[in-house]
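**Student:** Just dropping this structure here.
The values are calculated or read from the model by the stated rules, or taken from the named source; none is laboratory data. For clarity, every value in this text was computed on a predicted model and none was experimentally measured. Virtual Cβ from ideal backbone geometry, glycine too; neighbours counted across all protein chains shown. Accessible surface is based on the protein model in full, side chains and every heavy atom, while ligands, DNA and RNA are left aside. Shrake-Rupley method; radii C 1.70, N 1.55, O 1.52, S 1.80 Å.
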Amino acid sequence: VQLVESGGGSVQTGGSLRLSCAASGRTFSSFGMGWFRQAPGKEREFVAGLDWSGTVAYYTNSIKGRFAISRDNAKNTVYLQMNILKPGDTAVYYCAGSRDQRGADTSPYAYWGQGTQVTVSS
């Protein structure tokens with residue numbers, strides 16, 4: 001499975017962005033999918049995850065109510081809608097796939113995209 005992110009960019013505080021992650025391969029619909037981010041000088045952290053059906057989502061506390069993860073299995077794509085962005089959201093965002101269908105923060109993610117930069121200015 002290959003993952004390619006898109007949709008990153010620069011926005012001002014309070015703005016919105018929608019990240020997309022396109023997956024190759026026929027097994028995408030059975031994968032749990034997640035979004036992670038890594039800010040300069042910090043470790044990579046889990047942001048959001050979604051089970052194979054798109055029914056059960058997981059979010060880290062700092063983005064609850066502002067971000068939403070979704071997927072379209074017919075298009076082999078997972079999305080991260082980011083609203084009310086803050087400077088603290090500035091990071092490289094990575095899409096990841098797991099054979100654990102839950103897509104939870106504790107799932108083992110073996111497949112990773114190359115990342116897309118999100119920069120939020122004050």
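**Student:** Pairs, please: C-beta under 8 Å, at least 6 apart or cross-chain, first residue over 15 Å from GLU45 (Cβ atoms) and in segment 101-116, second aliphatic (A, V, I, L, M) and in a loop (DSSP other than H, G, I, E, B)?
**Tutor:** ARG102/VAL56; GLY103/VAL56; TYR111/VAL1
**Student:** Please go through segment 100-115 and pick out each residue that is surrounded by fewer than 22 Cβ atoms within 10 Å (Cβ to Cβ) and polar (S, T, N, Q).
**Tutor:** GLN101, THR106, GLN114
**Student:** For segment 57-80: of the residues being of a type in the set (A, V, I, L, M, F, W, C) and open to solvent by 20 Å² or more (accessible area, probe 1.4 Å), which is farthest from VAL47 (Cα to Cα)? Write out each step before concluding.
**Tutor:** Quick first cut of segment 57-80, residues of a type in the set (A, V, I, L, M, F, W, C) only: 57, 63, 67-69, 74, 78, 80.
Still in the running and open to solvent by 20 Å² or more (accessible area, probe 1.4 Å): 57, 68, 74.
Values: ALA57: 11, ALA68: 10, ALA74: 24 Å.
Only one residue fits best here, namely ALA74.
**Student:** When segment 1-39 is examined, which residues are found to be within 23 Å of ASP89 (Cβ to Cβ), touching a helix residue (DSSP H, G or I) at 6+ places or on another chain (Cβ under 9 Å) and open to solvent by 50 Å² or more (accessible area, probe 1.4 Å)?
**Tutor:** THR13
**Student:** Shifting gears a bit: Please list, ordered by residue number, the strands (runs of 3 or more DSSP E) wholly in segment 1-88 having 2 or more residues that are of a type outside the set (A, V, I, L, M) and under 18 Å from GLN101 (Cα atoms). Spell out the reasoning first.
**Tutor:** Numbers: elements: 3-6, 9-12, 17-23, 32-38, 45-50, 57-59, 67-72, 77-82.
Those strands (runs of 3 or more DSSP E) span 32-38, 45-50, 57-59, 67-72, 77-82.
**Student:** Let me ask something else about it. Count, please, the residues in segment 110-122 that happen to be assigned to a loop (DSSP other than H, G, I, E, B) and under 28 Å from GLY15 (Cβ atoms).
**Tutor:** Restricting attention to segment 110-122, the residues satisfying the condition of being assigned to a loop (DSSP other than H, G, I, E, B) are 110, 113-115, 122.
Within this subset, residues satisfying the condition of being under 28 Å from GLY15 (Cβ atoms) are 113-115, 122.
Looking only at that region, the number is 4.
**Student:** Of (1) part of a strand (DSSP E or B); (2) touching a Leu at 6+ places or on another chain (Cβ under 9 Å); (3) not aromatic (Phe, Trp, Tyr), VAL92 satisfies all except one. Which?
**Tutor:** (2)
**Student:** Right, another one. Could you tell me whether ARG44 is of a type outside the set (Ser, Thr, Tyr), open to solvent by 40 Å² or more (accessible area, probe 1.4 Å) and touching a residue at least 40 places away in the same chain (Cβ under 8 Å)?
**Tutor:** Numbers: of a type outside the set (Ser, Thr, Tyr): yes; open to solvent by 40 Å² or more (accessible area, probe 1.4 Å): yes; touching a residue at least 40 places away in the same chain (Cβ under 8 Å): yes.
It is true that ARG44 is of a type outside the set (Ser, Thr, Tyr), open to solvent by 40 Å² or more (accessible area, probe 1.4 Å) and touching a residue at least 40 places away in the same chain (Cβ under 8 Å).
**Student:** Of all residues in segment 81-99, how many are out of contact with any Asp or Glu (no Cβ under 9 Å at 6 or more places or on another chain) and either open to solvent by less than 80 Å² (accessible area, probe 1.4 Å) or among the hydroxyl-bearing types (Ser, Thr, Tyr) (or both)?
**Tutor:** Quick first cut of segment 81-99, residues out of contact with any Asp or Glu (no Cβ under 9 Å at 6 or more places or on another chain) only: 81, 83-90, 92, 96-99.
Within this subset, residues satisfying the condition of being either open to solvent by less than 80 Å² (accessible area, probe 1.4 Å) or among the hydroxyl-bearing types (Ser, Thr, Tyr) (or both) are 81, 83, 85, 87-90, 92, 96-98.
Total satisfying the criteria: 11.
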